[in-house]
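Structure, as C-alpha cells:
The values are calculated or read from the model by the stated rules, or taken from the named source; none is laboratory data. Computed from a prediction, not measured in an experiment: that's the story for all the values here. Positions of Cβ are generated from backbone atoms using ideal geometry, with glycine treated the same way; all protein chains shown enter the neighbour counts. Side chains included, ligands, DNA and RNA excluded: accessible areas come from the protein's heavy atoms. Shrake-Rupley method; radii C 1.70, N 1.55, O 1.52, S 1.80 Å.
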Amino acid sequence: MLDDVAKKLKSRQNRPPRRKARVDVPSVRRAYARWAPVYDRVFGTGFRAGRAAAIAYINELPPGRVLECGVGTGISLPAYRDGHRITGMDVSPDMLEIARERVARDRLANVDALDEADAAALPYADESFDISVAMFVITVVPEVAPVMSELIRVTKPGGRVVFVSHFSDQRGWRKTFGEALAPLSASLGWHTDFTIDRIMGYPRLRHVETRRIGPLGFFSLVVFERV
Ligand SMILES: C[S@@+](CC[C@H](N)C(=O)[O-])C[C@H]1O[C@@H](n2cnc3c(N)ncnc32)[C@H](O)[C@@H]1O
C-alpha cells in the first residue's frame with residue numbers, strides 16, 4: 001500500500017504544472033453571462049455588508065458625479081442618495097441588461113448612464129467624476145494597473161476613489177477561509193491571491209483609510225483621495 005502511495009506521489013511530481021486559467025475580457029464576459037441570471041440570488045446577501053459600507057461612505061460625501069465601475073446587475077444603484085448622479089459601466093452585456101431592467105423598474109432617476117466598456121479603457125473624459133467606486137471588481141479584472149490608471153484619470157483632483165473587496169490574507173483564519181472559498185471565487189474570475197498592496201502606492205492617489213467590514217472583517221473598504 002505504501003508503495004502505491006509513493007507511486008502516486010511520484011507520478012504527481014512528474015506531472016507538468018497545471019496551466020493557470022487565462023483571465024481576459026472575453027472569458028470575463030463568458031463567466032458573467034452564466035452568472036447574470038442568478039447573480040443577485042447567489043451574491044446579493046454575501047457581499048451586502050461590503051456594498052453597504054462603500055455606499056454609506058459615498059452618501060456622506062457632497063452630491064456629485066459618481067462612476068460605479070463594474071456595476072454588474074446594478075444591485076447597489078437604489079442605495080445612492082438622490083443628490084448623486086450615477087454612471088455605471090461594466091464589460092458584461094448580460095449583467096448590464098439586468099441593471100437596465102432594475103433602473104426602469106425602480107425608476108432610478110439619478111442614474112445617468114449604464115455603459116458597456118472595459119475598465120482598462122474607460123470611455124470618459126479626464127477628471128469627469130467626483131467619486132469612482134469599484135465594489136468586488138478590482139480583484140476580478142484581468143489586469144489591475146490599467147484599471148487603477150483609468151480610475152485615477154477620470155476622477156477629479158480632491159475626489160475619492162473607493163474600493164471594496166476581499167483581499168487575500170497572508171496568514172491566519174482569513175487565509176484558510178479564503179482558500180476554502182477558492183472554487184466559488186475562481187468561477188467569478190476572482191484572483192484569490194490578490195493582496196491589498198496591489199492597489200497601494202499609485203501616483204496621484206493618497207490613501208485615506210482601510211476599514212475591515214462585517215463581523216468577520218472578511219472584506220475591506222479602501223478609500224483614496226485623488227490628488
Ligand atoms: C463580482 S462582480 C461585482 C458586481 C457588483 N459590483 C457587485 O457589487 O455585486 C464583478 C463585475 O466586474 C465586471 N468586470 C470584470 N472585469 C471587468 C472589466 N475589465 N471592465 C469592466 N467590468 C469588469 C464583471 O462583468 C462583473 O459584473
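Here's a check for you: in the stretch 103-115, which residue that is touching a strand residue (DSSP E or B) at 6+ places or on another chain (Cβ under 9 Å) and not in a loop (DSSP other than H, G, I, E, B) is farthest from Cys69 (Cα to Cα)?
Within the stretch 103-115, the subset touching a strand residue (DSSP E or B) at 6+ places or on another chain (Cβ under 9 Å) is 103, 108, 110-115.
Remaining after also requiring not in a loop (DSSP other than H, G, I, E, B): 103, 111-115.
Working: Val103: 16, Val111: 13, Asp112: 14, Ala113: 12, Leu114: 10, Asp115: 10 Å.
So the residue we want is Val103.
Quick check on this structure: which one of Val133, Val147 is at pLDDT 95 or above, in a helix (DSSP H, G or I) and under 17 Å from the mean Cα position of the chain (by Cα)?
Details: Val133 fails: in a helix (DSSP H, G or I).
Just a single option satisfies the conditions, and that option is Val147.
Rundown of residues vs (1) modelled with pLDDT of 95 or more; (2) not in a strand (DSSP E or B), yes/no style:
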position: Trp190; (1), (2): no, yes
position: Arg198; (1), (2): yes, yes
position: Val208; (1), (2): yes, no
position: Val222; (1), (2): yes, no
position: Glu225; (1), (2): yes, no
Search result, residues across the stretch 148-165 that are within 15 Å of the ligand (Cβ to nearest atom) and of a type in the set (S, T, N, Q): Ser149, Ser165
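Taking the stretch 52-73, which residues are buried (at least 21 other Cβ atoms within 10 Å of the Cβ), within 12 Å of the ligand (Cβ to nearest atom) and on the phi < 0 side of the Ramachandran plot?
Applying the first criterion (buried (at least 21 other Cβ atoms within 10 Å of the Cβ)) to the stretch 52-73 yields 54-55, 58, 66-73.
This time we only want the ones that are within 12 Å of the ligand (Cβ to nearest atom), so: 54-55, 67-73.
Listed by number, the residues that qualify are Ala54, Ile55, Leu67, Glu68, Cys69, Val71, Thr73.
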Among residues of the stretch 121-151, those that are in contact (Cβ under 8 Å) with a residue 60 or more places away in the chain and not aromatic (Phe, Trp, Tyr), counted: 14
Tally, over the stretch 74-86, of residues that are away from the ligand (no atom under 13 Å from the Cβ) and in contact (Cβ under 8 Å) with a residue 40 or more places away in the chain: 1
Cβ-Cβ under 6 Å pairs, at least 6 apart or on other chains, the stretch 46-73 side part of a strand (DSSP E or B), far side not hydrophobic (A, V, I, L, M, F, W, C): Arg65/Arg85; Arg65/Asp130; Val66/His84; Leu67/Thr87; Leu67/Ser132; Glu68/Gly88
Only listed residue being more than 21 Å from Arg160 (Cβ to Cβ) and either β-branched (Val, Ile, Thr) or part of a loop (DSSP other than H, G, I, E, B) (or both), chosen from Asp118, Asp82, Asp126: Asp118
Residue selected from the stretch 84-113 under the condition open to solvent by 60 Å² or more (accessible area, probe 1.4 Å) and of a type in the set (A, V, I, L, M), by the criterion nearest to Ile58 (Cα to Cα): Ala109
